[in-house]
Structures are given as structure tokens and as C-alpha cells.
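J.: My structure is below; once you've seen it, I'll send some questions.
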Amino acid sequence: MSILIYAESAEGKFRKVAFELASYAKKVAESIGTTVTAITINTEDVSELSKYGVDKVLKITNEKLSSFSAKAYADVIKQAAQKEGTKLVILSSTTDSIYLAPLVAVSLEAGLASNVVELPINTSPFQVKRNAFSNKAFNITEISSEVKIIGLAKNSYGIFENTSNLSVEDFNPTIGEADFGIKVEKIEKVSGKVSIADADIVVSGGRGLKGPEHWGMIEELAQVLGAATACSKPVSDLDWRPHSEHVGQTGKPVAANLYIAVGISGAIQHIAGINSSKVKVVINTDPEAPFFKVADYGVIGDAFEVVPQLIEKLKVFKAQH
């Protein structure tokens, strides 16, 4: 009875979260003496999962699943879990998987713990540590159902290589037309840039930049760091930046390894949405800005002076290393 993970992909390529999920599942599997099976949907090359401890892949290739449908994907995962006799399913905390998790839980009569941030505390009884209250606290949750589902918080565990001998099995689950009552078409495209969902580093700008014409330095800093660009809600409301870049509790949640806020005062909704980031850096002229209270590092200064100097220093550092 192996552990089952859903290894997410986009346009046929694995997303970074798939490798974090695999790394986490492998560690759990080793602790309880079992293996890791991954289900993939329309992924071109699944061999990369062997680097991170996956023992078996159930590979689905089906044009009907080319666009995400929570009901259809959940039904596919349920069938895979039943086929493998799985008692533990591990999903990520991406937007897609947040929709999937409760549907899978209901179909498998399973207990669900979302926003899990560490390896299980105990396996009997099964207990996990979770983020709570918009990442301001933690709680310990016990799952007592026979089948258990974990939603792993992004960037909470990391990616670790652990090579395995991978076997691949073509899987053809039953897919009914009723599963496609609601169709979702993703129109957000990222070309030549790092997406917020997959970014280890996020550079975010606020109203302190005074206008969209000054966004070039945010993009340049992001390019030097290999980061994604983001913005606060007021910036997207003013149409300075697209709404797809709005991060925070009312936008996209961010759990980056490094979050740099430039000219963002730090409204409570924004902080709640990025609070899972491991290191937070704030650049602001106002020493009383709320963001400084939660920042790991703060620079009190004019962004138009600080950021260009930071970019030049980083360029020099990269050239020397």
C-alpha cells in the first residue's frame, strides 16, 4: 500500500511543487516502510520523478483532461488510490490542489489536513503540524480515518534528490461526461518569466513606486535574482500591473524562500498572504510602515536610490561567482 501523490504539471512539464511533494512523500514512506506512487496527467517525460524517490508512476494521457477540471481530476485520483490500495494521499497547496483535496477526501471518505508544514509528528495516531489563522499560528491535527489526505504547504519541506528505480504504468481511468459539467480554461500565460506559483524568490512592488513607468527596476531586480514579479492590491486596482501579479490574502498566496517588498506599507491582508515566506525583506521610506514589524530585514530608504544600487551590487556578485 504505497503513498500516492499527484505530481502537477503545466504544458506537459512538471511544476516545481511535484518534486517537493515527491521528496516529502519519500521521507514519509521510508519512515513507515512503504513506497511512493505518483499519478501524472498529460506529462510528457515522467522519468525526472525518479530523482526524488518516486517508485512508480501511473501515467495518464487523455485529451479530455487537457484543461483542469476539479471534479474530473479528483475522480481520477480517487480511482488511482483505490487501484493501489492507498491509505495516504499527499497533494500540494496550489490553487488546483486546494480545489481537488476536499473532493478527493469526500470520494474516499478520508480525513483531510491542509497547509501541513512538517513531516508527520506521529503515524499512530497520525498527527501533523499545520499553519492556522492566516499563517499566524500552528495547530496539531490528528487524522483518524482509514484513508488520510495531506495538503503540503508550498516551500515548507524543500526538494531533495533520492534516486529510485522508477516503473511506469499507463493508467486509463474511467472518465464520465458528468465530470466536465464546469470547464475551466486557464488564460494566464507566463512567457520568459518565472511564475509566482513556482518562484523561490518574489520581488513585489507597491504604490511607493509612484506609477507603472517605474516598474522597470522591479523587473530588472527580479531578472538578476531569477525571481517572479508581483504587486500589492492597490497597484493592481490602479491597473499599474495585471491582476495576475496581485499577491496577498485577497490575491495569490506566496510562500517563497525570499520575498522582497518594495514600496509596500504592509496592509494586514497583504502580510497574511505572504507570511509563509521564509525570509521577508522590506524597502520603504517610512520607518513606521507595518511591514517592518514582520520583516526579517528592513531598509529605510528611497526605493529609487536603494534598488538600483542593490541591482548593481548583485550584478557584480554574480559576475564574481
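J.: Using a Gaussian network model on the chain with a 10 Å cutoff between Cα atoms, which of E118, E146, E245 fluctuates the most?
T.: Top of the fluctuation ranking is E146.
J.: Continuing with the same structure: Can you match mean projected area of the Cα convex hull in nm² to one of these, (i) 19.6; (ii) 16.4; (iii) 17.2, based on a calculation from the structure here?
T.: (iii)
J.: Once each part is reduced to its C-alpha centroid, what is the distance from the range 213-260 to the range 1-76 in angstrom?
T.: The two parts, judged by their Cα centres, are 29 Å apart.
J.: In addition: What's the exposure ranking of D200, D296, going from fewest to most Cβ atoms within 10 Å?
T.: In increasing order of surrounding Cβ atoms, one gets D296, D200.
J.: Would you mind working out the magnitude of the charge dipole of the chain relative to its Cα centre, with +1 at each Lys and Arg C-beta and -1 at each Asp and Glu C-beta, to the nearest 20 Debye?
T.: My answer is approximately 480 debye.
J.: If each residue's Cβ is checked for other Cβ atoms within 10 Å, how do V279, V117 rank with the fewest at the top? Please report the intermediate quantities before stating the final value.
T.: Values: V279 13, V117 19.
With the fewest neighbours first, V279, V117 line up as V279, V117.
J.: Here is a further query. Quick one: Karplus J couplings for the range 143-159, per residue in order, coefficients 6.51, -1.76, 1.60, θ = phi - 60°, nearest Hz, x for Gly and Pro?
T.: The phi angles translate into 9, 9, 5, 5, 9, 10, 10, 10, x, 7, 5, 4, 6, 8, 10, x, 10 Hz.
J.: Along the range 265-279, what does the Karplus equation 6.51 cos²θ - 1.76 cosθ + 1.60 (θ = phi - 60°) give for ³J(HN,Hα), rounded to whole Hz, x for Gly and Pro?
T.: 5, x, 4, 4, 5, 5, 4, 4, x, 10, 5, 7, 5, 6, 10
J.: Sticking with this one: Take K27, K252 and order them by how many other Cβ atoms sit within 10 Å, fewest up front.
T.: K27, K252
J.: Most fluctuating residue of K16, K278, K136 in a GNM of the chain with Cα springs under 10 Å: which is it?
T.: K136
J.: With a Cα-only, solvent-free Debye model of the range 196-320, what are the log10 I(q)/I(0) values at q = 0.13 Å⁻¹?
T.: For the range 196-320 at q = 0.13 Å⁻¹, log10 I(q)/I(0) is -0.44.
J.: Which of the lysines could a cross-linker span from K193 if the Cα-Cα distance has to be under 23 Å and same-chain partners fewer than 8 positions apart are dropped?
T.: K13, K16, K154, K233, K252, K278, K280, K313, K315, K318
J.: Still on this structure, please answer the following. For the chain, what does the helix formula give at 222 nm: sum of -39500 (n - 2.57) over DSSP H segments with n ≥ 4, over the residue count, nearest 500 deg cm²/dmol?
T.: Calculated from helices alone, the mean residue ellipticity at 222 nm is -8500 deg cm²/dmol.
J.: With an 8 Å cut-off on Cα pairs and a minimum separation of 6 or more residues, tell me the relative contact order of the range 3-180 in percent.
T.: 28 percent
Throughout, read-outs are computed from the coordinates displayed, never taken from laboratory work. These figures come from a predicted structure and were not determined experimentally. Quick reminder, even Gly has a Cβ in these numbers, built from the backbone with ideal geometry, and neighbours come from all protein chains shown.
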